[in-house]
Structure formats: C-alpha cells, structure tokens
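K.L.:
To start, I am sharing the structure in question, which I have written as structure tokens.
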Amino acid sequence: MSVMDAVLELRGAAYSDPDAVALVARVQKEYAERYGTPDETPVDPAMFDPPDGFFVVAYLDGVPVGTGAWRRSPVVALGGTSGVEIKRMYVVPEHRGGGLARRILAELETTAVAAGHDQVVLETGLKQPEAIALYESSGYVPIPGFGHYRDSDLNRCFGKRL
C-alpha cells in the first residue's frame, strides 16, 4: 500500500504518550547518527501541553509514523508579537517523501494560529538538508540564531509569520 492509499490521522497527544515517546526516541537516535549526539536542548514535557504548547502524532492506517510540536517562544522575529517554536518534527524514514512532514507542519501552524500566535520559529541543522528544504518551500525564511545551538556553525534558524 502506498502512502497515497493510507489513511492519515493527526492526533494531539501528550509528550508522555507511548507513541510520542517511541518516536521522540527515534528522532534522538537520528540526531545522534547525524550530529554525534542527541538534541541536548532543555525540554520540559509540560511545555507542549495546551494552551502553551501542542504535540501531534501522525498515524498511517493506525501506525505511528511521525511527530511535531510547538511550544510558546519568547523569540520575536519578522514583526510578530506572539510566537511559538517548532520542535520534534519527525517522520520515520520508511514514510518520508510522501508529504507527511508538510501535513504535520501545516497542522502545527494551524493550531498555533488557533491558539492566538502570529509567528513561528525553529532551529534545524545543516546535516538535515531535507528539513531545510521543507521549511524554505513552506515559506520559512532565515532569522538570527537563537536557542541552545545558536553558536554552532551547523545551526540554522528560520521563522514565518502566520
């Protein structure tokens, strides 16, 4: 069955949800493979609880295959007044290339607007060219560095007005 034939469901979840935990572990393993260490950005799971945050798990035919989240952010960019930071964007390798990440990102943007925010920011790295391509093709533009890795040569920060 192709991704096109599968049923996609995006479900809001707690960061502690077993499917979320398993997928976050997979993305951390991938970060370690690409960068030598997992993401060491301090994360309090409560940051992703509504109304100050949102975490989503993507399911294809009931199987968890991706995640994305946002949390309130003090970063002000692009003339925005209330922002969120995207975190934990991930699609399992066997389901990449079918538009799932773009659907997750759209859900994050929609829920951020519904929560009253007008901008989104994120950090990614040069060793994730597919992520950079997704963000740029989705209207994100480079912004000044912020966050845990702001001084890293591999860090790239992007933002978008919503």
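K.L.:
Would you rank S137, S152 by solvent-accessible area, highest first, keeping every protein chain in place and using a 1.4 Å probe?
P.N.:
S137, S152
K.L.:
Whole number in Å², please: accessible area per residue of the chain, 1.4 Å probe, ligands, DNA and RNA not counted. Walk me through the numbers before you get to the answer.
P.N.:
Working: 8020 Å² over 162 residues.
Averaged over the residues of the chain, the accessible area is 49 Å².
K.L.:
How do 126-132, 102-108, 85-91 rank on mean C-beta neighbours within 10 Å, highest first? Kindly include the intermediate steps, with their values, before the conclusion.
P.N.:
Working: 126-132: 14.4, 102-108: 18.6, 85-91: 24.0.
Answer by packing, highest mean first, reads 85-91, 102-108, 126-132.
K.L.:
If you don't mind, there's one more thing I want to ask. Dimensions of the chain along principal axes (Cα, Å, largest first)?
P.N.:
Sorted largest first, the three principal extents are 43, 36, 30 Å.
K.L.:
While we're looking at this one, here's another question. Hey, can you rank 54-66, 10-22 by average C-beta count inside 10 Å, highest first?
P.N.:
54-66, 10-22
K.L.:
Heavy atoms only, probe 1.4 Å: what % of the accessible area of the stretch 106-162 goes to carbon and sulfur, would you let me know?
P.N.:
55 percent
The values are calculated or read from the model by the stated rules, or taken from the named source; none is laboratory data. Since this is a predicted model, take the numbers as computed values, not measurements. Every residue, glycine as well, gets a Cβ built from its backbone with ideal geometry; the counts of neighbours run over all protein chains shown. What goes into the accessible areas is simple: the full protein's heavy atoms, side chains included, and nothing from ligands, DNA or RNA. Shrake-Rupley method; radii C 1.70, N 1.55, O 1.52, S 1.80 Å.
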